1. If you scan region B:130-151, which residues turn out to be in contact with a helix residue (DSSP H, G or I) (Cβ under 7 Å, 6 or more places away or on another chain) and within 7 Å of chain A (Cβ to nearest Cβ)?
2. Identify all residues within region B:35-65 that are in contact with a Gly (Cβ under 9 Å, 6 or more places away or on another chain) and either outside any loop (DSSP other than H, G, I, E, B) or farther than 25 Å from B:TYR120 by Cα (or both); write none if there are none.
3. Given the conditions (1) farther than 19 Å from A:PRO36 by Cβ; (2) without any contact (Cβ under 8 Å) to a residue 60 or more places away in the chain, report the number of the one that A:THR102 does not fulfil.
4. Here are the criteria: (1) more than 16 Å from B:THR124 (Cβ to Cβ); (2) in contact with a Phe, Trp or Tyr (Cβ under 7 Å, 6 or more places away or on another chain). Tell me which single one B:LEU32 does not satisfy.
5. Regarding region B:70-85, can at least one residue be identified that is farther than 23 Å from B:ASN20 by Cβ, surrounded by fewer than 21 Cβ atoms within 10 Å (Cβ to Cβ) and touching a residue at least 24 places away in the same chain (Cβ under 8 Å)?
6. I'd like the residue in region A:59-73 that is within 30 Å of A:VAL87 (Cα to Cα) and within 7 Å of chain B (Cβ to nearest Cβ) and, out of all such residues, is farthest from the chain's Cα centre (by Cα).
7. For region A:39-66, enumerate the residues that are crowded, with 20+ Cβ neighbours inside 10 Å and either within 15 Å of B:GLY99 (Cβ to Cβ) or of a type in the set (A, V, I, L, M, F, W, C) (or both).
There are 2 protein chains.
Amino acid sequence: MAEKTKSTPLNAVFVNAFLNAIIEILETMASLTPTPGKPFIKKQDNSRGDISGIIGMAGHRLQGAFAISFQRRCIFDVVERMLGEPVTRINDDVIDCVGEITNMVSGVARANLSTQGHEYGMATPTVICSDDHTIAQATKEPVVVMPFTTPAGAFLVEVSLWRTES
Amino acid sequence: MAEKTKSTPLNAVFVNAFLNAIIEILETMASLTPTPGKPFIKKQDNSRGDISGIIGMAGHRLQGAFAISFQRRCIFDVVERMLGEPVTRINDDVIDCVGEITNMVSGVARANLSTQGHEYGMATPTVICSDDHTIAQATKEPVVVMPFTTPAGAFLVEVSLWRTES
């Protein structure tokens, strides 16, 4: 294990990049404009959802993870809008859509951050299915939670991303 | 989204690095020697567990993710061995231990692979809690599953890691 390294808070820049990316992707892919709530620093491991996409980010001097957790009703509506067919259970199509959304949001945020000199590589997205699961990020660094609402239900985004200095 | 890139299968090298790392970490941290079963290529999204640690890996030409999923009885035994106190429910100590194990296994595998010229950065580990959740990796590349048994129960490891060539 590396010793804990000094970190530089760049959360506002990172939060905005992910917030804008989520809105852009859902508008483009699902013709859905989610309403962002007030972001907050995660105090407990209380992010919950029925299906979550998680992707790791790693660069020379950046480390983090991004997770997006949907309530069941909310993801059914998103997938129905993406695929044009009704969805009533979490199946392979839903899992694929969550993986794809996770990948695309991270990719758009990465492209935006790259223009500001923040470079990182994207890991493989992972999709977790289970009613009301919880997500914890194993870091002492701040994790920012962004709640969103849609007419069909809520989803939650959390991002940790920081510069490391050896 | 990037186009699908050509990949070079290096699974045996990667699988061995993670397999050895898991055994080393559990022996060192928990005085526990798990028995590895036969690794197989994941065909369905059927990795299940009650608590899972997930970490993304990303490098200039490598991309992947590593997940370790414990049955409840198994992780209670591991944590009890690590901390020296009985554990009967998934609490912050258990979540911390799973995050730590995930980070350390990935770190040891990374160090081993680095000596063979395979370099990647590690993302922040994420810990998922929910009885009998499932994990899917959103990739068309092979995902290798490694089952392990211990006297207190089973755990499952899955790794996807491959070279990308633009």
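1. Hits for region B:130-151 are B:ALA136, B:ALA138.
2. From region B:35-65, those in contact with a Gly (Cβ under 9 Å, 6 or more places away or on another chain) are B:53-60, B:62-65; that's our starting set.
B:GLY53, B:ILE54, B:ILE55, B:GLY56, B:MET57, B:ALA58, B:LEU62, B:GLN63, B:GLY64, B:ALA65, listed by residue number.
3. (1)
4. (2)
5. So the first thing to find is which residues in region B:70-85 are farther than 23 Å from B:ASN20 by Cβ, and the list is B:72-73, B:76, B:80, B:83-85.
So of that shortlist, the ones also surrounded by fewer than 21 Cβ atoms within 10 Å (Cβ to Cβ) come out as B:72-73, B:80, B:83-85.
Remaining after also requiring touching a residue at least 24 places away in the same chain (Cβ under 8 Å): B:72-73.
Checked against the condition, which is being farther than 23 Å from B:ASN20 by Cβ, surrounded by fewer than 21 Cβ atoms within 10 Å (Cβ to Cβ) and touching a residue at least 24 places away in the same chain (Cβ under 8 Å), region B:70-85 yields at least one hit.
6. Quick first cut of region A:59-73, residues within 30 Å of A:VAL87 (Cα to Cα) only: A:65-73.
Retained after the next criterion (residues that are within 7 Å of chain B (Cβ to nearest Cβ)): A:65, A:67.
Details: A:ALA65: 8, A:ALA67: 4 Å.
For region A:59-73, the residue satisfying everything is A:ALA65.
7. If we filter region A:39-66 for residues that are crowded, with 20+ Cβ neighbours inside 10 Å, which is where we start, we get A:47, A:49-59, A:62-66.
A:SER47, A:ILE51, A:ILE54, A:ILE55, A:GLY56, A:MET57, A:ALA58, A:LEU62, A:GLN63, A:GLY64, A:ALA65, A:PHE66 - these are the residues of region A:39-66 that are crowded, with 20+ Cβ neighbours inside 10 Å and either within 15 Å of B:GLY99 (Cβ to Cβ) or of a type in the set (A, V, I, L, M, F, W, C) (or both).
FYI, it's all coordinate maths here, none of it is from the lab. These numbers come from a predicted model, not from an experiment. Methodologically, a virtual Cβ is constructed for each residue, glycine included, from the backbone with ideal geometry; neighbour enumeration extends over all protein chains shown.
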